[in-house]
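A short write-up of the structure that comes next.
The values are calculated or read from the model by the stated rules, or taken from the named source; none is laboratory data. Owing to the predicted nature of the structure, the values given are computational and were not obtained by experimental measurement. Cβ placement follows ideal geometry from the backbone for every residue including glycine, while neighbour counts extend to all protein chains displayed. For the accessible areas, the whole protein counts, side chains as well, though only heavy atoms, and no ligand, DNA or RNA atoms are used. Shrake-Rupley method; radii C 1.70, N 1.55, O 1.52, S 1.80 Å.
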Amino acid sequence: MPRCIVARVTEQALFILASLARGELHGYGIARDVEELSDGRVRLTAGTLYGALNRLSDDGLVEPSGERKVQGRRRRYYRLTAPGHAALAAEVEQLRSAAAALGGRVAAARRTPGLA
Amino acid sequence: MRRRLLDLCLLAYPREVRARDREHLRDLAMDLADDHGTVREALGLLRGGLTERRRRGRTRRAVIAVAAGTALALGGLTWTATAQGGRVEEDLFSCAGPCADTEAEVASRVRDGWTCTERRDPDAVSWRCTRD
(Lines give C-alpha, C1' and ligand atoms only; values in the text may rest on other atoms or scores of the structure.)
Protein backbone atom coordinates (compact mmCIF):
# COMPACT_ATOMS: atom_id res chain seq x y z
CA MET A 1 0.00 0.00 0.00
CA PRO A 2 1.53 3.35 -0.99
CA ARG A 3 2.28 5.60 1.97
CA CYS A 4 0.34 8.62 0.85
CA ILE A 5 -0.62 9.65 -2.65
CA VAL A 6 -0.74 13.34 -1.83
CA ALA A 7 2.66 13.38 -0.10
CA ARG A 8 4.59 16.54 -0.99
CA VAL A 9 7.17 15.76 -3.60
CA THR A 10 10.32 17.68 -4.42
CA GLU A 11 10.57 19.67 -7.62
CA GLN A 12 12.88 17.05 -9.11
CA ALA A 13 10.47 14.26 -8.23
CA LEU A 14 7.58 16.22 -9.70
CA PHE A 15 9.41 16.61 -13.01
CA ILE A 16 10.27 12.90 -12.99
CA LEU A 17 6.61 11.99 -12.44
CA ALA A 18 5.59 14.38 -15.22
CA SER A 19 8.18 12.87 -17.52
CA LEU A 20 6.73 9.39 -16.96
CA ALA A 21 3.15 10.59 -17.50
CA ARG A 22 3.48 9.96 -21.23
CA GLY A 23 4.57 6.34 -20.78
CA GLU A 24 7.48 4.20 -19.66
CA LEU A 25 10.96 5.63 -20.05
CA HIS A 26 14.54 4.66 -19.12
CA GLY A 27 16.69 6.66 -16.71
CA TYR A 28 18.64 8.53 -19.39
CA GLY A 29 15.41 9.36 -21.24
CA ILE A 30 13.90 10.69 -18.01
CA ALA A 31 16.94 12.91 -17.36
CA ARG A 32 16.79 14.38 -20.86
CA ASP A 33 13.04 14.86 -20.76
CA VAL A 34 13.21 16.55 -17.36
CA GLU A 35 15.87 18.94 -18.65
CA GLU A 36 13.71 19.78 -21.67
CA LEU A 37 10.52 20.06 -19.63
CA SER A 38 12.15 22.43 -17.13
CA ASP A 39 13.75 24.54 -19.85
CA GLY A 40 17.22 23.41 -18.76
CA ARG A 41 16.69 24.43 -15.13
CA VAL A 42 16.61 20.89 -13.67
CA ARG A 43 19.61 18.81 -14.74
CA LEU A 44 19.76 15.46 -12.99
CA THR A 45 22.93 13.47 -12.41
CA ALA A 46 22.80 9.68 -12.30
CA GLY A 47 23.19 9.79 -8.51
CA THR A 48 20.31 12.22 -8.03
CA LEU A 49 18.04 10.43 -10.48
CA TYR A 50 18.74 7.01 -8.99
CA GLY A 51 17.98 8.25 -5.47
CA ALA A 52 14.80 10.02 -6.57
CA LEU A 53 13.54 6.97 -8.49
CA ASN A 54 14.24 4.73 -5.49
CA ARG A 55 12.29 7.02 -3.18
CA LEU A 56 9.40 7.24 -5.64
CA SER A 57 9.45 3.43 -5.95
CA ASP A 58 9.42 3.06 -2.15
CA ASP A 59 6.40 5.38 -2.06
CA GLY A 60 4.69 3.27 -4.72
CA LEU A 61 4.50 6.15 -7.21
CA VAL A 62 6.70 4.58 -9.92
CA GLU A 63 7.79 1.03 -10.66
CA PRO A 64 10.51 -0.55 -12.81
CA SER A 65 9.10 -2.07 -15.98
CA GLY A 66 12.08 -3.93 -17.40
CA GLU A 67 15.66 -3.64 -18.60
CA ARG A 68 17.12 -3.51 -22.09
CA LYS A 69 20.65 -3.20 -23.41
CA VAL A 70 21.24 -0.41 -25.93
CA GLN A 71 24.67 -0.16 -27.57
CA GLY A 72 26.20 -2.15 -24.75
CA ARG A 73 24.66 -0.01 -22.01
CA ARG A 74 22.07 -1.33 -19.62
CA ARG A 75 18.91 0.75 -19.40
CA ARG A 76 16.20 0.26 -16.81
CA TYR A 77 12.71 1.39 -17.70
CA TYR A 78 10.22 2.90 -15.27
CA ARG A 79 6.51 3.67 -15.41
CA LEU A 80 4.01 5.57 -13.30
CA THR A 81 1.70 3.57 -11.06
CA ALA A 82 -1.96 4.55 -10.49
CA PRO A 83 -1.03 6.30 -7.19
CA GLY A 84 1.77 8.04 -9.13
CA HIS A 85 -0.73 9.42 -11.66
CA ALA A 86 -2.94 10.58 -8.78
CA ALA A 87 -0.02 12.20 -6.92
CA LEU A 88 1.07 14.03 -10.07
CA ALA A 89 -2.44 15.32 -10.74
CA ALA A 90 -2.85 16.42 -7.10
CA GLU A 91 0.51 18.17 -7.09
CA VAL A 92 -0.19 19.98 -10.37
CA GLU A 93 -3.61 21.06 -9.08
CA GLN A 94 -1.99 22.41 -5.92
CA LEU A 95 0.55 24.37 -7.97
CA ARG A 96 -2.21 25.67 -10.22
CA SER A 97 -4.25 27.00 -7.30
CA ALA A 98 -1.16 28.51 -5.64
CA ALA A 99 -0.24 30.21 -8.93
CA ALA A 100 -3.79 31.57 -9.26
CA ALA A 101 -3.75 32.98 -5.71
CA LEU A 102 -0.31 34.53 -6.12
CA GLY A 103 -1.17 35.86 -9.57
CA GLY A 104 -4.30 37.50 -8.16
CA ARG A 105 -2.24 39.19 -5.46
CA VAL A 106 0.34 40.47 -7.98
CA ALA A 107 -2.44 41.81 -10.25
CA ALA A 108 -4.10 43.59 -7.32
CA ALA A 109 -0.78 45.15 -6.29
CA ARG A 110 -0.32 46.46 -9.84
CA ARG A 111 -3.78 48.05 -9.80
CA THR A 112 -3.13 49.85 -6.50
CA PRO A 113 0.56 50.73 -6.40
CA GLY A 114 1.86 52.11 -3.12
CA LEU A 115 -0.99 50.81 -0.97
CA ALA A 116 0.08 48.64 1.94
CA MET B 1 39.76 6.16 -17.55
CA ARG B 2 36.25 7.60 -17.36
CA ARG B 3 34.77 4.20 -16.54
CA ARG B 4 37.35 3.72 -13.78
CA LEU B 5 36.60 7.12 -12.31
CA LEU B 6 32.86 6.43 -12.20
CA ASP B 7 33.46 2.93 -10.79
CA LEU B 8 35.51 4.48 -8.04
CA CYS B 9 32.78 6.96 -7.17
CA LEU B 10 30.30 4.08 -6.99
CA LEU B 11 32.20 2.91 -3.92
CA ALA B 12 30.34 5.64 -2.06
CA TYR B 13 27.19 3.49 -2.34
CA PRO B 14 26.47 0.74 0.20
CA ARG B 15 27.68 -2.72 -0.79
CA GLU B 16 24.17 -4.11 -1.32
CA VAL B 17 23.28 -1.29 -3.73
CA ARG B 18 26.47 -1.88 -5.69
CA ALA B 19 25.82 -5.62 -5.86
CA ARG B 20 22.34 -4.99 -7.29
CA ASP B 21 22.65 -1.83 -9.39
CA ARG B 22 26.33 -1.12 -10.07
CA GLU B 23 26.25 -1.67 -13.84
CA HIS B 24 22.94 0.08 -14.26
CA LEU B 25 24.13 3.12 -12.30
CA ARG B 26 27.45 3.26 -14.09
CA ASP B 27 25.85 3.01 -17.54
CA LEU B 28 23.38 5.75 -16.64
CA ALA B 29 26.25 7.94 -15.41
CA MET B 30 28.19 7.24 -18.65
CA ASP B 31 25.16 8.29 -20.72
CA LEU B 32 24.74 11.52 -18.77
CA ALA B 33 28.50 12.17 -18.72
CA ASP B 34 28.36 12.24 -22.53
CA ASP B 35 26.01 15.23 -22.23
CA HIS B 36 27.20 17.08 -19.15
CA GLY B 37 30.75 15.97 -18.41
CA THR B 38 32.35 13.26 -16.32
CA VAL B 39 33.29 15.39 -13.31
CA ARG B 40 29.68 16.43 -12.73
CA GLU B 41 28.54 12.81 -12.89
CA ALA B 42 31.38 11.65 -10.63
CA LEU B 43 30.42 14.20 -7.99
CA GLY B 44 26.75 13.28 -8.42
CA LEU B 45 27.53 9.63 -7.73
CA LEU B 46 29.55 10.55 -4.64
CA ARG B 47 26.75 12.69 -3.28
CA GLY B 48 24.11 10.11 -4.20
CA GLY B 49 26.08 7.30 -2.55
CA LEU B 50 26.57 9.19 0.69
CA THR B 51 22.90 10.19 0.75
CA GLU B 52 21.95 6.55 0.21
CA ARG B 53 24.17 5.51 3.14
CA ARG B 54 22.57 8.13 5.39
CA ARG B 55 19.11 7.03 4.25
CA ARG B 56 19.95 3.47 5.25
CA GLY B 57 20.94 4.59 8.72
CA ARG B 58 24.72 4.32 8.49
CA THR B 59 26.50 6.10 11.33
CA ARG B 60 27.91 9.55 10.71
CA ARG B 61 31.42 8.19 11.34
CA ALA B 62 31.04 5.50 8.69
CA VAL B 63 29.73 8.03 6.16
CA ILE B 64 32.65 10.38 6.84
CA ALA B 65 35.14 7.51 6.54
CA VAL B 66 33.73 6.44 3.18
CA ALA B 67 33.62 10.05 1.94
CA ALA B 68 37.23 10.63 2.95
CA GLY B 69 38.44 7.35 1.40
CA THR B 70 36.61 7.97 -1.84
CA ALA B 71 37.81 11.58 -2.03
CA LEU B 72 41.42 10.42 -1.59
CA ALA B 73 41.09 7.79 -4.28
CA LEU B 74 39.31 10.25 -6.56
CA GLY B 75 42.09 12.77 -6.06
CA GLY B 76 44.67 10.15 -6.99
CA LEU B 77 42.78 9.13 -10.09
CA THR B 78 42.24 12.74 -11.19
CA TRP B 79 45.94 13.40 -10.74
CA THR B 80 46.75 10.32 -12.85
CA ALA B 81 44.27 11.41 -15.52
CA THR B 82 45.83 14.87 -15.66
CA ALA B 83 49.30 13.39 -15.89
CA GLN B 84 48.18 11.15 -18.75
CA GLY B 85 46.10 13.91 -20.41
CA GLY B 86 44.65 13.25 -23.86
CA ARG B 87 44.43 9.46 -23.61
CA VAL B 88 40.66 9.45 -24.29
CA GLU B 89 39.78 9.23 -27.97
CA GLU B 90 36.66 10.92 -29.24
CA ASP B 91 35.00 10.97 -32.68
CA LEU B 92 31.82 12.75 -33.66
CA PHE B 93 29.52 11.66 -36.47
CA SER B 94 26.36 13.24 -37.80
CA CYS B 95 24.10 12.89 -40.78
CA ALA B 96 20.82 14.16 -42.18
CA GLY B 97 18.71 12.09 -44.54
CA PRO B 98 19.97 8.61 -45.51
CA CYS B 99 22.39 7.61 -42.78
CA ALA B 100 23.28 4.02 -43.72
CA ASP B 101 27.00 4.70 -44.21
CA THR B 102 27.34 6.66 -41.00
CA GLU B 103 25.35 4.09 -39.03
CA ALA B 104 27.59 1.33 -40.39
CA GLU B 105 30.67 3.29 -39.29
CA VAL B 106 29.23 3.83 -35.82
CA ALA B 107 28.29 0.13 -35.56
CA SER B 108 31.84 -0.84 -36.48
CA ARG B 109 33.18 1.48 -33.76
CA VAL B 110 30.90 -0.17 -31.20
CA ARG B 111 32.18 -3.59 -32.30
CA ASP B 112 35.72 -2.30 -31.78
CA GLY B 113 34.95 -1.37 -28.17
CA TRP B 114 34.04 2.29 -28.58
CA THR B 115 31.12 3.71 -26.61
CA CYS B 116 28.78 5.63 -28.89
CA THR B 117 25.89 7.81 -27.79
CA GLU B 118 23.17 8.62 -30.27
CA ARG B 119 21.28 11.89 -30.34
CA ARG B 120 18.23 12.24 -32.59
CA ASP B 121 17.07 15.73 -33.47
CA PRO B 122 14.14 16.47 -35.80
CA ASP B 123 16.35 17.01 -38.85
CA ALA B 124 19.59 15.18 -38.06
CA VAL B 125 21.16 12.32 -36.13
CA SER B 126 24.51 12.58 -34.40
CA TRP B 127 26.77 10.20 -32.50
CA ARG B 128 29.56 10.83 -30.03
CA CYS B 129 31.96 7.89 -29.85
CA THR B 130 34.64 7.66 -27.17
CA ARG B 131 37.23 5.10 -26.18
CA ASP B 132 39.31 5.17 -22.99
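Go through the residues of the stretch B:58-75 one by one and say whether even a single one is at pLDDT 80 or above, part of a helix (DSSP H, G or I) and within 14 Å of chain A (Cβ to nearest Cβ).
Taking the stretch B:58-75 first, the residues at pLDDT 80 or above are none.
No; the residues of the stretch B:58-75 include none that is at pLDDT 80 or above, part of a helix (DSSP H, G or I) and within 14 Å of chain A (Cβ to nearest Cβ).
Confirm whether A:A7 is modelled with pLDDT under 90 and open to solvent by 30 Å² or more (accessible area, probe 1.4 Å). So that I can check it myself, show each step before the final result.
Working: modelled with pLDDT under 90: yes; open to solvent by 30 Å² or more (accessible area, probe 1.4 Å): yes.
Yes, satisfied.
For the stretch B:23-33, give me each residue that is under 17 Å from A:K69 (Cα atoms) and either in contact with a strand residue (DSSP E or B) (Cβ under 7 Å, 6 or more places away or on another chain) or more than 7 Å from chain A (Cβ to nearest Cβ) (or both).
So in the stretch B:23-33, the residues under 17 Å from A:K69 (Cα atoms) come out as B:23-32.
The answer is B:E23, B:H24, B:R26, B:D27, B:M30, B:D31.
Name the single residue, out of those in the stretch B:114-124 being out of contact with any Ser or Thr (no Cβ under 7 Å at 6 or more places or on another chain) and without any contact (Cβ under 8 Å) to a residue 40 or more places away in the chain, that is farthest from the other protein chains (Cβ to nearest Cβ). Steps first, please.
From the stretch B:114-124, those out of contact with any Ser or Thr (no Cβ under 7 Å at 6 or more places or on another chain) are B:116-118, B:120-123; that's our starting set.
Filter once more, so that each one left must be without any contact (Cβ under 8 Å) to a residue 40 or more places away in the chain: B:116, B:118, B:120-123.
Values: B:C116: 6, B:E118: 7, B:R120: 11, B:D121: 12, B:P122: 13, B:D123: 17 Å.
Result: B:D123.
For residues in the stretch A:40-62 being charged (D, E, K, R) and within 14 Å of the chain's Cα centre (by Cα), which is least open to solvent (accessible area, probe 1.4 Å)? Full working, then the answer.
Taking the stretch A:40-62 as the starting set, the residues that turn out to be charged (D, E, K, R) are A:41, A:43, A:55, A:58-59.
If we keep only those that are within 14 Å of the chain's Cα centre (by Cα) as well, we get A:41, A:43, A:55, A:59.
Numbers: A:R41: 155, A:R43: 108, A:R55: 102, A:D59: 40 Å².
The residue in question is A:D59.
Looking at (1) at pLDDT 90 or above; (2) open to solvent by 70 Å² or more (accessible area, probe 1.4 Å), can you tell me which one A:F15 breaks?
(2)
Among residues belonging to the stretch B:97-113 that are within 11 Å of another protein chain (Cβ to nearest Cβ) and more than 17 Å from B:R2 (Cβ to Cβ), point out the one that is most open to solvent (accessible area, probe 1.4 Å).
Of everything passing the filter in the stretch B:97-113, B:R111 is most open to solvent (accessible area, probe 1.4 Å).
Quick check on the stretch A:45-82: of everything there that is within 11 Å of chain B (Cβ to nearest Cβ) and of a type in the set (V, I, T), which residue is farthest from B:L10 (Cα to Cα)?
A:V70
If you check A:V92, A:V42, A:V9, which single one turns out to be within 14 Å of chain B (Cβ to nearest Cβ) and touching a helix residue (DSSP H, G or I) at 6+ places or on another chain (Cβ under 9 Å)?
On the way: A:V92 fails: within 14 Å of chain B (Cβ to nearest Cβ); A:V9 fails: within 14 Å of chain B (Cβ to nearest Cβ).
Answer to the check: A:V42.
Across the stretch A:18-39, which residue is surrounded by the fewest Cβ atoms within 10 Å (Cβ to Cβ) among those that are within 14 Å of chain B (Cβ to nearest Cβ), part of a helix (DSSP H, G or I) and not charged (D, E, K, R)?
It comes out as A:G29.
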